[in-house]
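Chemist: My structure is below; once you've seen it, I'll send some questions.
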Amino acid sequence: MLIVLLGPPGAGKGTQGERLAERCKIPKIATGDVFRAALKDGTPLGLQAKQYMERGELVPDALILSIMREALTSAEASRGAILDGVVRTVPQAEGFSAMVAELGRKIDAVLLFEASEDELVRRLSARTTCEVCQTPYMGHEPGTPCPKNDNGTLVRRKDDEPEAIRTRLKVYREQTEPVISWYEQHQMPIHRVDAIGPLDEVTQRAVKALDGAC
Ligand code: ADP
Ligand code: AMP
């Protein structure tokens, strides 16, 4: 089962993706997490992505497609995956769909998490993230230990600073929003999920949108 999560930065894709992964018993794969881990380990991939990420810009499509292939063919994703932020441009949507077909798999659902821009800015400005497991938190101070006790410390992401937030929202509107119509034109219905409200309620809406798929 492959479930694609779309939505602007701060909509809750990471938060809800983790919950859906647990429920569906498949891994959550987030390209942002892959890049941050690579950056932390100082790998060539991380170094290539660094400048784009810190400015809030998108990493070039060519880099994404190779990560997608690795993710889709990994043993852990053999039963499926929740794909968080993996598709962010029309060329990526085209490339990903072609790859999925070539591997004899299919996208089961596309969920679009929606929230107002004011709410997105409020959330991103207050977010802390575990540098080890990448879980995003709200209401936890930077420098405190990750509640998951994985020896990680909560940090503020460089791209959660005001200028990078503005860039990411603009990039979303200009480059990622067109992906929504691309999927609709290619007979892949988009399930819109109201992402405002308590976490459990948003999860329930997402599960309902999946219509028993898991
Ligand atoms: P995305 O992965 O879409 O960028 P995140 O899952 O990291 O979004 O969520 C952004 C921030 O908003 C995080 O700090 C998270 O804890 C918080 N958050 C997520 N969902 C909600 C919600 N329904 N209400 C309030 N805060 C939320
Ligand atoms: P995220 O953790 O989803 O907020 O992603 C953090 C950053 O990683 C983004 O702002 C981009 O710089 C980069 N990134 C993650 N996924 C993609 C993607 N599919 N295409 C291009 N850049 C990406």
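Chemist: Return the pair list, or none, for Cβ contacts closer than 7 Å from residues in region 148-163 that are within 17 Å of residue 40 (Cβ to Cβ) to residues that are in a helix (DSSP H, G or I), at least 6 apart or on different chains.
Modeler: From residues that are within 17 Å of residue 40 (Cβ to Cβ), the pairs are 158/54; 158/164; 159/53; 159/54; 159/168; 160/124; 160/125.
Chemist: Does at least one position in region 50-67 carry a residue that is without any contact (Cβ under 8 Å) to a residue 60 or more places away in the chain, within 27 Å of residue 162 (Cα to Cα) and hydroxyl-bearing (Ser, Thr, Tyr)?
Modeler: Going residue by residue through region 50-67, those that are without any contact (Cβ under 8 Å) to a residue 60 or more places away in the chain are 50-52, 59-67.
Applying the additional criterion that residues be within 27 Å of residue 162 (Cα to Cα) yields 50-52, 59-61, 63-64.
When the remaining residues are screened for being hydroxyl-bearing (Ser, Thr, Tyr), the result is 52.
The answer is yes, given that some residue of region 50-67 is without any contact (Cβ under 8 Å) to a residue 60 or more places away in the chain, within 27 Å of residue 162 (Cα to Cα) and hydroxyl-bearing (Ser, Thr, Tyr).
Chemist: While we're looking at this one, here's another question. Would you check if there is a residue in region 199-211 being within 16 Å of ligand 2 (Cβ to nearest atom) and either outside any helix (DSSP H, G or I) or not polar (S, T, N, Q) (or both)?
Modeler: Going through region 199-211, the residues within 16 Å of ligand 2 (Cβ to nearest atom) turn out to be none.
Checking region 199-211: not a single residue is within 16 Å of ligand 2 (Cβ to nearest atom) and either outside any helix (DSSP H, G or I) or not polar (S, T, N, Q) (or both).
Chemist: Now a separate question. Kindly list, by first and then second residue, each pair from a residue in region 1-25 that is at positive phi to a residue that is basic (Lys, Arg) and within 10 Å of ligand 1 (Cβ to nearest atom), limited to pairs with Cβ atoms under 7 Å and residues at least 6 apart or on different chains.
Modeler: Correct list of pairs: 7/13; 10/123.
Chemist: Taking the condition of being without any contact (Cβ under 8 Å) to a residue 60 or more places away in the chain and open to solvent by 60 Å² or more (accessible area, probe 1.4 Å), how many residues in region 71-97 meet it?
Modeler: 5
Chemist: Still on this structure, please answer the following. Name the residues in region 130-145 that are over 20 Å from the mean Cα position of the chain (by Cα) and not β-branched (Val, Ile, Thr), would you? Before the answer, list the steps.
Modeler: Filtering region 130-145 down to residues over 20 Å from the mean Cα position of the chain (by Cα) leaves 139-145.
Selection gives 139, 140, 141, 142, 143, 145.
Chemist: Take region 64-98 and flag every residue that is part of a helix (DSSP H, G or I) and either of a type in the set (D, E, K, R) or within 16 Å of ligand 1 (Cβ to nearest atom) (or both). Before the answer, list the steps.
Modeler: Our first condition is that a residue be part of a helix (DSSP H, G or I); within region 64-98, this holds for 64-72, 75-77, 90-98.
Passing the criteria: 69, 70, 76, 94.
Chemist: Right, here's the next one. Of the residues that sit in region 180-207 and are closer than 14 Å to residue 17 by Cβ and small (Gly, Ala, Ser), which one is surrounded by the fewest Cβ atoms within 10 Å (Cβ to Cβ)?
Modeler: Result: 206.
The values are calculated or read from the model by the stated rules, or taken from the named source; none is laboratory data. All figures in this text were calculated on a predicted structure; none of them were measured in a lab. Here Cβ is always computed from backbone atoms with ideal geometry, including for glycine, and neighbour counts include all displayed protein chains. Heavy atoms of the whole protein, side chains included, go into the accessibility calculation; ligands, DNA and RNA do not. Shrake-Rupley method; radii C 1.70, N 1.55, O 1.52, S 1.80 Å.
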